[in-house]
1. Kindly indicate whether Gly87 is under 24 Å from Arg154 (Cα atoms), buried (at least 16 other Cβ atoms within 10 Å of the Cβ) and small (Gly, Ala, Ser).
2. With the requirement that a residue be of a type in the set (Val, Ile, Thr) and farther than 11 Å from Ala100 by Cα, what does the stretch 126-159 give you?
3. Of the conditions (1) at pLDDT below 95; (2) closer than 27 Å to Thr129 by Cβ; (3) assigned to a loop (DSSP other than H, G, I, E, B), Arg77 fails just one. Which one is it?
4. Over 21 Å from Ala155 (Cα atoms) and surrounded by 14 or more Cβ atoms within 10 Å (Cβ to Cβ): does that describe Val82?
5. Only one of Leu56, Leu71 is surrounded by 16 or more Cβ atoms within 10 Å (Cβ to Cβ), modelled with pLDDT under 90 and either touching a Phe, Trp or Tyr at 6+ places or on another chain (Cβ under 8 Å) or not hydroxyl-bearing (Ser, Thr, Tyr) (or both). Can you tell me which?
6. Answer yes or no as to whether Ala117 is in contact with a Pro (Cβ under 8 Å, 6 or more places away or on another chain), within 21 Å of Lys48 (Cβ to Cβ) and surrounded by 17 or more Cβ atoms within 10 Å (Cβ to Cβ).
7. Within the stretch 69-91, track down each residue that is in contact (Cβ under 8 Å) with a residue 40 or more places away in the chain and either within 19 Å of Leu118 (Cβ to Cβ) or over 15 Å from the mean Cα position of the chain (by Cα) (or both).
8. Return the pairs, sorted by first residue and then second, in which the second residue is surrounded by fewer than 21 Cβ atoms within 10 Å (Cβ to Cβ) and of a type in the set (Ser, Thr, Tyr), the first residue lies in the stretch 142-169 and is in contact (Cβ under 8 Å) with a residue 24 or more places away in the chain and in a helix (DSSP H, G or I), the beta carbons are less than 6 Å apart, and the residues are 6+ apart or on different chains.
Amino acid sequence: MATVDLDDLSVYAKQDPEGMLARIKELPMQCWEAWEAVKAFQLPDDYKDIDCVVILGMGGSAIGGDLVRSLVQGESRVPVLVHRDYGLPHFVNDRTLVIASSYSGNTEETLSGFEAALRSGAKKLAMTTGGKVKELAEANGVPVFTIGYKAQPRAALGFSFLPTLGVLEKLDLLAPVVAGVKRLIGP
């Protein structure tokens, strides 16, 4: 059996062709950039008038929603749910905020849910790098949080987690989380 020299960095490069180790090292910087971006992001005032948040997403794009849901389930004044399927849950109405989270903007299930949301009275928000989700959002006057970090969706965790958390804070659904975020990603 061949031995592996774990001090040889080329060993890692061969086993990590997508550069995930570098992405992990970048995570604190990515989180800081995402937090700064969501602080500057504007939402319509009537988005505060909601009873539920539904996050649409699949795979890496839904991971941030799952983390937010777990983190805030005892803190948020409204339920936060993640929907990993086509269409929308039947309870979605004009007092629901639907967040379409699709890194590529072309995820079939997320697009299906977002298109259904566009036909409903729900309040809508898109979080994406582009694609059809961004095109539909812009064409329909829906706020778009544009993700500026280029990587695999699973490596863009800071941009699926912190902006979602920041949106909930902006909508007064949570007590301020700024201090906790600063401790998490601060110097």
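1. Numbers: under 24 Å from Arg154 (Cα atoms): yes; buried (at least 16 other Cβ atoms within 10 Å of the Cβ): no; small (Gly, Ala, Ser): yes.
Here the answer is no, as Gly87 does not meet what is asked.
2. Looking only at the stretch 126-159, we keep the residues that are of a type in the set (Val, Ile, Thr), and these are 128-129, 133, 142, 144, 146-147.
Within the stretch 126-159, Thr129, Thr146, Ile147 qualify.
3. Status for Arg77: all satisfied but (2).
4. Values: over 21 Å from Ala155 (Cα atoms): no; surrounded by 14 or more Cβ atoms within 10 Å (Cβ to Cβ): yes.
Here the answer is no, as Val82 does not meet what is asked.
5. Leu71
6. Working: in contact with a Pro (Cβ under 8 Å, 6 or more places away or on another chain): no; within 21 Å of Lys48 (Cβ to Cβ): yes; surrounded by 17 or more Cβ atoms within 10 Å (Cβ to Cβ): yes.
No, not satisfied.
7. Keep residues of the stretch 69-91 that are in contact (Cβ under 8 Å) with a residue 40 or more places away in the chain, which gives 71-72, 75-78, 80.
Listed by number, the residues that qualify are Glu75, Ser76, Arg77, Val78.
8. Here the result reads Phe159/Tyr149, each pair linking the stretch 142-169 to a residue that is surrounded by fewer than 21 Cβ atoms within 10 Å (Cβ to Cβ) and of a type in the set (Ser, Thr, Tyr).
The values are calculated or read from the model by the stated rules, or taken from the named source; none is laboratory data. It should be emphasised that the depicted structure is a prediction, and the values quoted were computed from it without experimental measurement. No Cβ is skipped: glycine too gets one built from the backbone with ideal geometry, and neighbour counts run over all protein chains shown.
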